[in-house]
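These notes concern the structure reproduced below.
The values are calculated or read from the model by the stated rules, or taken from the named source; none is laboratory data. All values derive from a computational prediction rather than experimental measurement. All Cβ positions, even for glycine, are placed from backbone atoms using ideal geometry, and neighbour counts span all protein chains on display.
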Amino acid sequence: MAGINREGITKGIEQAVNIAIIVIALVVCGMFVRSYLPSKSNVRQTISIGNKLEVQPVNWGSNPKNIVLVLSTTCKYCKESAGFYQRLARECEGRHIRTIALFPQSVEQARSYLESEGVRVTEIWQTQPGKLNVQGTPTVLLVDNNGVVQHVWTGRLPASQEKDLLDSLGS
């Protein structure tokens, strides 16, 4: 036993423990980063300018400009924005711009909701916002005659964005 270097063994054990601690810390950090950073499969597309809006059976070619309201009967911000949507619909009607309301609820429920809020639109369709890559309601889209999104407004709009939206309708 006299030939065993206890000091050398202790230093070797300390080095092994330190390396193990570093490896465990790296593994834990890697797991943390992997779980909190979105992977390519988790990233959800969001509708944006230049995207083509696919809504069957809407014929985009019948109007050069279309306002699309993506709403829900259960959305509090949609309800809070109803006064603006009334004004928007009147402006569109005066400019011969088609207004299309898209709801996840049935057309009958959507029609009843819009009537109760005093919002008059040209067409109402049922579709899920996620199918359109719209992440939330309310969302307002300005769409051209090819179905291409020209502008996107999301959420309850402040007065400056409401003005921007109305200005985008042109003459």
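Has region 38-56 got any residue that is surrounded by 10 or more Cβ atoms within 10 Å (Cβ to Cβ), modelled with pLDDT of 85 or more and out of contact with any strand residue (DSSP E or B) (no Cβ under 9 Å at 6 or more places or on another chain)?
Yes.
For (1) in contact with a helix residue (DSSP H, G or I) (Cβ under 7 Å, 6 or more places away or on another chain); (2) surrounded by 15 or more Cβ atoms within 10 Å (Cβ to Cβ), each residue gets a yes or a no:
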site: 63; (1), (2): no, yes
site: 97; (1), (2): no, yes
site: 100; (1), (2): no, yes
site: 112; (1), (2): no, no
site: 122; (1), (2): no, yes
site: 129; (1), (2): no, yes
site: 140; (1), (2): yes, yes
site: 148; (1), (2): no, no
site: 161; (1), (2): no, yes
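Condition first: in a helix (DSSP H, G or I), touching a Phe, Trp or Tyr at 6+ places or on another chain (Cβ under 8 Å), in contact (Cβ under 8 Å) with a residue 40 or more places away in the chain and among the hydroxyl-bearing types (Ser, Thr, Tyr). Can you find one or more residues in region 62-79 that meet it?
No, the conditions are met nowhere in region 62-79.
Can you tell me which condition residue 35 does not meet? The list is (1) among the polar types (S, T, N, Q); (2) surrounded by 13 or more Cβ atoms within 10 Å (Cβ to Cβ); (3) assigned to a helix (DSSP H, G or I); (4) modelled with pLDDT under 90, and all the others hold.
Tallying (1) among the polar types (S, T, N, Q); (2) surrounded by 13 or more Cβ atoms within 10 Å (Cβ to Cβ); (3) assigned to a helix (DSSP H, G or I); (4) modelled with pLDDT under 90, residue 35 fails exactly one: (2).
Looking only at region 118-171, count every residue that is among the charged types (D, E, K, R), in contact with a Ser or Thr (Cβ under 7 Å, 6 or more places away or on another chain) and closer than 13 Å to residue 68 by Cα and tell me the total. Walk me through it before giving the result.
So the first thing to find is which residues in region 118-171 are among the charged types (D, E, K, R), and the list is 120, 123, 131, 144, 156, 162-164, 167.
Cutting the leftovers down to in contact with a Ser or Thr (Cβ under 7 Å, 6 or more places away or on another chain) gives us 156.
Filter once more, keeping what is closer than 13 Å to residue 68 by Cα: none.
Total meeting the criteria: 0.
Kindly indicate whether any position in region 87-106 is in contact with a His (Cβ under 9 Å, 6 or more places away or on another chain) and under 20 Å from residue 153 (Cα atoms). Give the derivation first.
First, the residues of region 87-106 that are in contact with a His (Cβ under 9 Å, 6 or more places away or on another chain): none.
No; the residues of region 87-106 include none that is in contact with a His (Cβ under 9 Å, 6 or more places away or on another chain) and under 20 Å from residue 153 (Cα atoms).
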